Amino acid sequence: MALPGRFAVGLLQAMILAVAAGCVSMPNKPARAARSSYGCMQAVRAKVPEGIPDKRAHCLAAGGIARDCSIGEAYMAGAGKEISDFFGGGDAEWGDSRADRVGIRCARESSDDDALAACCRTRGY
């Protein structure tokens, strides 16, 4: 299978996982950042500092979305970003998805944004 086909299959798998993961509970979950999925994702994205390395931004954004919105929305945001990069001339790469997954794992064990940032840093992001 060609690389674009493999990439598309991988993104489809990530989206299916996102739907399944939406039912997983998050300990110490804060109040939802916004009512709509898009609004919630945007509210979290606004908290991610500018000018940081790309993979760190992925880790913090995905972890923040998992904590402040839902795990499913975090997976969807990551997949959506890669689809946008792939078709929009950005730099779509598997490393971004790995950083997203680390951020989501960090969110499960972090009590606040500072703990999430420390977890991402400890894990190399």
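Values in this text are rule-based calculations from the coordinates and carry no lab data. Since this is a predicted model, take the numbers as computed values, not measurements. Don't worry about glycine lacking a Cβ; one is built from the backbone with ideal geometry, like all the others, and counts go over all protein chains shown.
What does the charge count around D112 come to, taking other residues whose C-beta lies under 13 Å from its C-beta (Lys +1, Arg +1, Asp -1, Glu -1)? Result for the neighbourhood of D112: -1. All other residues with a Cβ under 15 Å from the Cβ of A34 taken together, and with Lys, Arg as +1 and Asp, Glu as -1, what is their net charge? Once all neighbours under 15 Å are counted, the net charge is +4.
Phi angles across segment 33-43 convert, under the Karplus curve 6.51 cos²θ - 1.76 cosθ + 1.60 with θ = phi - 60°, into 3J(HN,Hα) values of 5, 7, 6, 7, 4, 4, x, 5, 4, 5, 4 Hz, Gly and Pro given as x.
Applying the criteria of a DSSP loop state and at most 11 other Cβ atoms within 10 Å to the trypsin sites (Lys or Arg not before Pro) of segment 30-125 yields R35. Quick one: grab the alpha carbon gyration tensor of segment 25-125, order the square roots of its eigenvalues as a ≥ b ≥ c, and give me rounded if a/c is under 1.5, else prolate or oblate depending on whether a/b is larger than b/c. Since a/c reaches 1.5 but b/c is at least a/b, the shape of segment 25-125 is classed as oblate.
What net charge is computed for the residues neighbouring D54, neighbours being all others with C-beta under 13 Å from the C-beta of D54, Lys and Arg scored +1, Asp and Glu -1? Counting the neighbours of D54, the net charge comes to -3.
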